[in-house]
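Step one of this worksheet: look at the structure below.
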Amino acid sequence: MKLPARRTSHGVKGAPYTFLIPATLLFLLFFALPIGYAVWLSFRKVRVSGLGLGAGAREEVWAGLENYTGALSDSELLNGALRVLGYGCIVVPVMLGLALLFALMLDSEKVRLAPFTRLAIFLPYAVPGVVAALLWGFLYLPDVSPFYFVLDRLGLPQPDLLDGGPLYLALSNIAVWGGTGFNMIVIYTALRAIPAEVYEAAKLDGATPLQTALRIKIPMVAPSLVLTFFFSIIATLQVFSEPTTLKPLTNSVATTWSPLMKVYQDAFGKGDIHAAAAQATLIALATLVLSFGFLRAANRRNKQEAAR
């Protein structure tokens, strides 16, 4: 009887790395390589000789930190960052507050039609951002919106949501409508993972549903709240599709309304890919610093609470 061949230890130890090869190649080709190329472009510029006509009139040369100093002193980029900051101050608290509220309501024992309600709240997340912006954009237009028709019939004022200050509310509404469902699912999943014995102990102690939610549920899903807040910050800093889609419907949205719109305008509108690469690198660094700083603060707070 022939014994089966022994599996060498070298082959067993190398098997995990073999399975990692496809993911590593995809990461290098579609993530690391584009980032590296953008960083390399950010240190270059085009030098024009004479009128810029003829062979050799345009030459790509080393620029050092020139593109970065130009980006940091660009008023349009800084104004776009301030607009996104105001936009985020509306979107993040409202979206996470609604997500937490819906998750707590769905986790209640008295809730009815929980599967249907959960699907209805989550469904807007499945709608692409451009489609959602177009949908709400036409609802904001006075000439075609049914809301303005009802307000006109009732003799009520008809605010222009695509002009001035209300524009922030209009854009925030699109983001909240599309993102609340995803965050709700994350928090709801964490609530369902809490052991039933915890709730039974709370009932024996005479805790009301409100006390159970405030003193047990919310503290125990704090890691999920941190996670959703982290995702929301990244999504807010990368806002692009909503204002870009609404731009043809109103003159209040400039081509540089958000930092990413400024990057797009410089790269494909003005053809200055080197300045756009520097701006994109700065946006990525700002996102990394804010995210890392927030996670550090959250971890430090968790360690302090665990030590008490």
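Only a single item in (1) in contact (Cβ under 8 Å) with a residue 40 or more places away in the chain; (2) open to solvent by 80 Å² or more (accessible area, probe 1.4 Å); (3) not hydroxyl-bearing (Ser, Thr, Tyr) is not met by Met95, and it is number (2). Evaluating Asp272 against the criteria (1) over 16 Å from Gly70 (Cα atoms); (2) open to solvent by 60 Å² or more (accessible area, probe 1.4 Å); (3) acidic (Asp, Glu) leaves one unmet condition, (1). The residue that is most open to solvent (accessible area, probe 1.4 Å), counting only those in region 192-206 that are touching a helix residue (DSSP H, G or I) at 6+ places or on another chain (Cβ under 7 Å) and over 20 Å from Ala114 (Cα atoms), is Val198.
Selection of region 131-151 for residues being surrounded by fewer than 16 Cβ atoms within 10 Å (Cβ to Cβ) and not aliphatic (A, V, I, L, M) yields Phe138, Pro142, Asp143, Pro146, Phe147, Phe149. Take the conditions at pLDDT 90 or above, closer than 26 Å to Gly86 by Cβ and within 28 Å of the chain's Cα centre (by Cα) and apply them to Thr189. Does it pass? Here the answer is no, as Thr189 does not meet what is asked.
Of all residues in region 173-185, those satisfying the criterion of being within 19 Å of Phe230 (Cβ to Cβ) and either open to solvent by 80 Å² or more (accessible area, probe 1.4 Å) or touching a residue at least 60 places away in the same chain (Cβ under 8 Å) (or both) are Ala175, Val176, Gly179, Thr180, Gly181, Phe182, Asn183, Met184, Ile185.
Only a single criterion out of (1) surrounded by fewer than 17 Cβ atoms within 10 Å (Cβ to Cβ); (2) more than 17 Å from the chain's Cα centre (by Cα); (3) touching a residue at least 24 places away in the same chain (Cβ under 8 Å); (4) closer than 23 Å to Ala175 by Cα is not satisfied by Thr250, namely (1).
Number of residues in region 63-115 that are among the basic types (Lys, Arg) and closer than 25 Å to Ala190 by Cβ: the value is 2. Of all residues in region 216-229, those that are open to solvent by 70 Å² or more (accessible area, probe 1.4 Å) and at pLDDT below 90 have Cβ atoms under 8 Å from Cβ atoms of residues that are among the polar types (S, T, N, Q) and not in a loop (DSSP other than H, G, I, E, B), 6 or more apart or on another chain, in Pro223/Asn302. Selection over region 277-308 of residues that are open to solvent by 100 Å² or more (accessible area, probe 1.4 Å) and either charged (D, E, K, R) or touching a residue at least 40 places away in the same chain (Cβ under 8 Å) (or both) gives a count of 5. Take region 252-277 and flag every residue that is among the basic types (Lys, Arg) and within 15 Å of Leu72 (Cα to Cα). Across region 252-277, the qualifying residue is only Lys262. For Leu171, state whether it is of a type outside the set (Val, Ile, Thr), under 29 Å from the mean Cα position of the chain (by Cα) and either under 16 Å from Thr244 (Cα atoms) or not in a helix (DSSP H, G or I) (or both). Judged against the criteria, Leu171 is a match. Checked against (1) surrounded by 14 or more Cβ atoms within 10 Å (Cβ to Cβ); (2) touching a residue at least 60 places away in the same chain (Cβ under 8 Å); (3) closer than 24 Å to Thr236 by Cβ, Asp107 passes all but condition (3).
Matching residues to (1) under 30 Å from Tyr199 (Cβ atoms); (2) modelled with pLDDT of 90 or more:
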{"residue": "Leu96", "(1), (2)": "yes, yes"}
{"residue": "Pro115", "(1), (2)": "yes, no"}
{"residue": "Arg118", "(1), (2)": "yes, yes"}
{"residue": "Val144", "(1), (2)": "no, no"}
{"residue": "Tyr148", "(1), (2)": "no, no"}
{"residue": "Arg153", "(1), (2)": "no, no"}
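Can you tell me which of (1) open to solvent by 50 Å² or more (accessible area, probe 1.4 Å); (2) part of a loop (DSSP other than H, G, I, E, B) is the one Gly164 doesn't meet? The number of the failed condition is (1).
The values are calculated or read from the model by the stated rules, or taken from the named source; none is laboratory data. Only a predicted model underlies this, so the values are computations on that prediction, with no experimental measurement involved. Cβ sites come from the backbone with ideal geometry, for glycine too, and all protein chains shown count toward neighbours. Protein only, heavy atoms only, side chains kept; ligands, DNA and RNA dropped before computing areas. Shrake-Rupley method; radii C 1.70, N 1.55, O 1.52, S 1.80 Å.
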